[in-house]
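Following: one structure in structure tokens, then a few remarks.
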Amino acid sequence: MIERITPPGIPVPTFPYSPAVRAGDFIYVSGQVAVDLVTNKLSLGDIRHETKVILDNIKRILEGCGATKADVVKCNVYLTEATDFAGMNEVYAQFFGNDKPARTTVVVKFANTEICCEIDCIAYSPKR
């Protein structure tokens, strides 16, 4: 069974995608950029700020799907600058602590040149 999920408190996307999709015991969280959940506008800043906002939003999406950050098995991180890796990695390591998922990090060019980071993830969370 496939469920397309927009958890409460998460802005409804303006583009054609679901914030999360549950397929069986897996939850796929769409790529997130730094969006302030109160204003539904970009919350731009340095890489540490954007990474924290993104990971906090991912945490809220996961919780809205009945999962936690400890259930994350894989993340993809997209950066516009390779020099931002250390700052992103610092916040990322604090966020996940001992529950480190597999990860891929690549440098990309975004259509919106103001954004410096995007993160998506896959979580394993059997329905209870």
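We did not get these values from a lab; they are worked out from the coordinates using the rules stated. Just so it is clear, the model here is predicted, and its values are computed rather than measured. Reconstructed Cβ throughout: ideal geometry from the backbone, glycine too, with neighbour counts over all protein chains shown.
Relative to the longest principal axis of the Cα atoms of the chain, the long axis of helix 85-96 lies at roughly 30 degrees. Using the Cβ-Cβ distance between PHE26 and ALA93 with R0 set to 30 Å, the FRET efficiency from 1/(1 + (r/R0)^6) comes to roughly 0.80. Pairs of lysines 8 or more apart, or on different chains, with alpha carbons under 21 Å: count those in segment 2-124, would you? Counting lysine pairs in segment 2-124 gives 12.
Using only side-chain charges placed at the Cβ, +1 for Lys and Arg and -1 for Asp and Glu, the dipole size of segment 2-124 relative to its Cα centre rounds to 180 debye.
The three principal axes of the Cα atoms in the chain give end-to-end lengths of 41, 33, 22 Å, sorted in falling order. Can you give the angle from 0 to 90° between the axis of helix 47-64 and the longest principal axis of the chain, with both taken from C-alpha atoms, to the nearest 10? Here the helix axis deviates by roughly 10 degrees. Residue ranges 28-37, 6-15, 90-99 sort as 28-37, 90-99, 6-15 when ordered by packing (mean number of other C-beta atoms within 10 Å per residue, highest first).
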